[in-house]
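Structure record follows, encoded as structure tokens.
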Amino acid sequence: MRAYNAILHFSVFAFTFAFVWFVFVYYPNIIREFKSGHIPQAHIVPAAVASNITKFPVEMQGYKIEHDYKSPNYYVIIAGGNLVQYVNNKIAAELTLKNVLSADSLCRTNIIFASAGKLSVPSQYSRPSSC
């Protein structure tokens, strides 16, 4: 009976402590983050990229790749409503371009990335990811 009372008191204390922590510490922090605009994004798994296309332009749902035959430039127009979608579509476009060119790396290729919408894209996403 004595052990039962000790376990009961400990569990009441533990659940009360957890409840108070969630109510006064965790929940207000989460609400503050949502109000400030830091909404966690769902983890988006990119779709498999496979291409048996050898002619330009290459048009997919999230991007369009064009080749300027007068110069060695490739233009990649990327769709995306937010930065996460833009980056996922950019990675898919890079993989498709590697496949079309049969290249291991795009570092020596002149690629110009542009957003299809009016999305403000940081300069770090204006070059291939692996360079």
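Would you check which residues across segment 108-121 are part of a loop (DSSP other than H, G, I, E, B) and either outside the structural domain of P72 (by TED's automatic domain parsing) or of a type in the set (S, T, Y) (or both) and list them?
T109, S120 - these are the residues of segment 108-121 that are part of a loop (DSSP other than H, G, I, E, B) and either outside the structural domain of P72 (by TED's automatic domain parsing) or of a type in the set (S, T, Y) (or both).
Give the residues of segment 78-90 that are of a type in the set (V, I, T) and either closer than 14 Å to S126 by Cβ or free of Cβ contacts under 8 Å to residues at least 40 places away in the same chain (or both), sorted by residue number.
I78, V87
Quick check, is V100 in the same structural domain as E66 (by TED's automatic domain parsing), surrounded by 18 or more Cβ atoms within 10 Å (Cβ to Cβ) and touching a strand residue (DSSP E or B) at 6+ places or on another chain (Cβ under 8 Å)?
Judged against the criteria, V100 is a match.
Among the residues that make up segment 40-56, is at least one of them at pLDDT 80 or above, among the hydroxyl-bearing types (S, T, Y), surrounded by 10 or more Cβ atoms within 10 Å (Cβ to Cβ) and not assigned by TED's automatic domain parsing to the domain that holds L106?
There is no residue in segment 40-56 that is at pLDDT 80 or above, among the hydroxyl-bearing types (S, T, Y), surrounded by 10 or more Cβ atoms within 10 Å (Cβ to Cβ) and not assigned by TED's automatic domain parsing to the domain that holds L106.
Against the conditions (1) surrounded by fewer than 16 Cβ atoms within 10 Å (Cβ to Cβ); (2) under 25 Å from H38 (Cβ atoms); (3) in contact with a helix residue (DSSP H, G or I) (Cβ under 9 Å, 6 or more places away or on another chain), where does G80 fall short? Just the number, please.
It is condition (1) that G80 fails.
The values are calculated or read from the model by the stated rules, or taken from the named source; none is laboratory data. The model shown is predicted, which means the values in this text are computed figures rather than measured ones. When we count neighbours, we look across all protein chains shown, and the Cβ atoms used for this are built from the backbone with ideal geometry, even at glycine.
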